[in-house]
Amino acid sequence: MNEQASRKKAGVLKTICVTLAVIIALYCLAYLVAVIATGDPLPMPLGFGSAVVLSGSMEPALSVNDLIFVVKSGEYGVGDIVVYSTGGTPVVHRVVQADMQSGIIITRGDANNTDDDPISVSRIKGKMLFAIPFVGAIPRFIRTVPGLFIVLLVLFALLFVSVRGKAAESEESDKAEELMHEIERLKQELGENGGKNDRDQTE
């Protein structure tokens, strides 16, 4: 019983790993397609997106390779950490001045001594919801063509192992079922022979 429970647990873990791999691969593929199709370095499907911190300009709040999640907003205020694009590269800085009536925003990196050039609100992709420290190197690599290729290879490997594992489990289950039928048949034969011997001895 414990062995069956362990196998079921392993099967569930494999399924979770494969599902996560599929989601990551599809997300990265969709990201690359969106970047190539639109030329936008930070696509925002449904108003949400993610970016990787590429410099130390936001230390100590954010470090290089932190992964941040961004949401589109209709209003930005002083203190918000926002992402905007300049020269095709996303910049992650904090708002230090905001005039929503004129649509002008001024940002600055926490570790910088000078403000950035003023930008219009329309250039802002969104503001940061939350960040996950140091894991941005993974999606940063996966979003490259070699990285995506490796992810797809790993995905196919996981699918192959999962299919083989299910086939092996099915084969073992069939063998166990056949063995149980054979045991039942032997029990019945032994029971019939035992009853016949008892009758012979009585006669």
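The values are calculated or read from the model by the stated rules, or taken from the named source; none is laboratory data. Not measured: the values here are computed from a predicted model. In this analysis, Cβ positions are derived from the backbone assuming ideal geometry, glycine residues included, and neighbour counts consider all displayed protein chains.
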Residue 89, sole failed condition from (1) over 23 Å from residue 30 (Cβ atoms); (2) in contact (Cβ under 8 Å) with a residue 12 or more places away in the chain: (1)
Taking the range 144-163 and keeping only residues that are at pLDDT 70 or above and not aliphatic (A, V, I, L, M), one is left with 144, 146, 147, 149, 156, 160
Tell me which of these residue 28 doesn't satisfy, since it passes every other one: (1) crowded, with 16+ Cβ neighbours inside 10 Å; (2) at pLDDT 70 or above. (2)
Got at least one residue in the range 47-61 being in contact with a helix residue (DSSP H, G or I) (Cβ under 9 Å, 6 or more places away or on another chain), at pLDDT below 75 and within 19 Å of residue 92 (Cα to Cα)? no
What number of residues within the range 93-122 satisfy the criterion of being surrounded by 13 or more Cβ atoms within 10 Å (Cβ to Cβ) and either under 19 Å from residue 54 (Cα atoms) or under 30 Å from the mean Cα position of the chain (by Cα) (or both)? 11
